[in-house]
Amino acid sequence: MARGGINKAVVQAARLAIIARGEHPSIDAVRIEMGNTGSKTTIHRYLKELDDGRGNPSDEPAEPIDGELLELVTRLAQRLKAQAQEPIDQAQAAFDQARTALEAQLSEAQQVQAQLGQQLDAQGQALANESAALHSTRAALQGEQTRNAGLSEALSGFELRLNDKDEQIRSLEEKHLHARDALEHYRNAIKEQREQEQRRHEGQVQQIQMELRQAQQSALVRQDEITQLNRDNERLLTENRGTLRELNLLQDQLKQSEKREEQANQRMRQADAEFTLLQERLRVAVLEGSTLKQDVAQQQQLNKELELKATTAQASLHALLLATASKAPPEAGSEETADD
């Protein structure tokens with residue numbers, strides 16, 4: 001059964017146009033002449049009827065073909081061909097335009113895919129760098145925390161030792177006061193010697209001040225400061241014990257003999273100078289303890305900054321992971337577009 005617009009008259013007109021051009025009216029030629037419409041079976045049936053001179057009972061008898069009919073059929077065939085060719089040309093132009101657009105989209109999609117691939121590689125490298133920085137920051141944080149714990153423990157031990165030394169110093173002060181009361185009547189006789197001892201004491205004070213400046217310079221290195229502080233503490237304990245022994249010996253010598261008075265006075269002066277030196281060194285130790293506390297506070301602040309930096313690095317890593325995950329699906333979509 002023929003499609004809409006295909007009937008025997010149309011087939012006949014196409015057949016006459018082909019014959020007018022001196023060509024053989026085959027089924028394919030007639031179908032092309034009609035604009036590639038109609039089934040070959042229907043065209044074959046109509047051509048066979050026209051060749052055999054048979055038709056439907058309702059068809060009118062075929063009229064003689066003359067020049068006017070041939071001209072009319074020729075013009076009709078040309079018009080039909082032009083009308084059939086126009087949508088074909090339009091469809092071809094639309095197809096070429098669509099193909100050009102699709103090729104441009106494909107090229108753009110390929111460029112976008114290459115850019116996304118480069119961005120993904122860069123993000124992967126950045127992610128690896130951030131991961132390495134995070135591991136390094138965590139290691140540094142753990143090291144600083146361990147070091148801070150050691151410093152805190154050392155500070156606690158130092159405070160305990162300092163408290164013990166304060167008690168010992170107070171005990172020494174009490175004993176020294178008793179010794180001063182016992183030796184007060186000798187001070188007038190040895191005033192000149194005391195002045196000499198005072199000058200020597202001033203020299204020792206200057207020396208201690210120089211040692212203080214050196215200690216302040218050495219305080220820049222915390223580990224060396226702690227080691228030096230421990231050594232100073234041990235030396236202070238040793239000197240305190242020696243001072244106690246000398247004071248006891250001095251008191252015994254004062255009670256035993258008046259003949260050894262000059263020797264006892266000299267030892268007492270030495271004990272007084274050593275006691276003053278111990279007091280100055282104690283003050284230095286207290287200052288060093290304050291400096292150590294400040295270092296510990298600075299170390300704690302540094303630890304907080306490191307913790308904040310680690311948190312910031314983790315947030316950056318998380319944001320980078322989210323950005324990478326959000327860009328992955330568009331890349332897959334671009335690849336599907338490119339494949340289409």
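The values are calculated or read from the model by the stated rules, or taken from the named source; none is laboratory data. Since the structure is predicted, the reported quantities are computational estimates derived from the model, not experimental observations. Methodologically, a virtual Cβ is constructed for each residue, glycine included, from the backbone with ideal geometry; neighbour enumeration extends over all protein chains shown.
Just checking, which of Ala179, Ala132, Ala189 is at pLDDT below 80, among the small types (Gly, Ala, Ser) and exposed (fewer than 15 other Cβ atoms within 10 Å of the Cβ)?
Just a single option satisfies the conditions, and that option is Ala189.
Among the candidates Arg269, Arg199, Arg222, which residue alone is buried (at least 17 other Cβ atoms within 10 Å of the Cβ) and either in contact with a strand residue (DSSP E or B) (Cβ under 6 Å, 6 or more places away or on another chain) or over 23 Å from Gln168 (Cβ atoms) (or both)?
Arg222
List the number of the failed condition for Ala84; all other conditions in (1) surrounded by fewer than 14 Cβ atoms within 10 Å (Cβ to Cβ); (2) at pLDDT below 80 hold.
Checking Ala84 against (1) surrounded by fewer than 14 Cβ atoms within 10 Å (Cβ to Cβ); (2) at pLDDT below 80, the one that fails is (1).
Can Gln209 be described as of a type in the set (S, T, N, Q) and surrounded by 12 or more Cβ atoms within 10 Å (Cβ to Cβ)?
Against the criterion (of a type in the set (S, T, N, Q) and surrounded by 12 or more Cβ atoms within 10 Å (Cβ to Cβ)), Gln209 qualifies.
Would you mind finding the one in Ile169, Ile190 that is among the β-branched types (Val, Ile, Thr), over 14 Å from Asn240 (Cα atoms) and in contact with a helix residue (DSSP H, G or I) (Cβ under 8 Å, 6 or more places away or on another chain)?
None of the others qualify; the one that does is Ile190.
Of the conditions (1) outside the structural domain of Leu306 (by TED's automatic domain parsing); (2) aliphatic (A, V, I, L, M); (3) over 51 Å from the mean Cα position of the chain (by Cα), Leu172 fails just one. Which one is it?
(1)
In the list Ala315, Ala310, Ala297, Ala319, which residue meets the criterion of being touching a residue at least 24 places away in the same chain (Cβ under 8 Å) and in a helix (DSSP H, G or I)?
Ala310 is the lone residue from the list that is touching a residue at least 24 places away in the same chain (Cβ under 8 Å) and in a helix (DSSP H, G or I).
Can you tell me which of Ala325, Ala297, Ala332, Ala315 is under 22 Å from Gly124 (Cβ atoms) and modelled with pLDDT of 80 or more?
Ala315 is the lone residue from the list that is under 22 Å from Gly124 (Cβ atoms) and modelled with pLDDT of 80 or more.
Which pairs turn up if I take residues in the range 16-37 that are on the phi > 0 side of the Ramachandran plot and look for partners that are surrounded by 14 or more Cβ atoms within 10 Å (Cβ to Cβ) and modelled with pLDDT under 90 with beta carbon separation below 6 Å, at least 6 apart in sequence or on another chain?
So the pair list comes out as Gly35/Ala84.
Report, by residue number, each residue of the range 144-159 that is among the polar types (S, T, N, Q), surrounded by 12 or more Cβ atoms within 10 Å (Cβ to Cβ) and within 30 Å of the chain's Cα centre (by Cα).
Passing the criteria: Gln145, Asn148.
Condition check: without any contact (Cβ under 8 Å) to a residue 40 or more places away in the chain, assigned by TED's automatic domain parsing to the domain that holds Thr312 and farther than 30 Å from Asp252 by Cα. Does Leu160 satisfy that?
Answer is yes for this residue.
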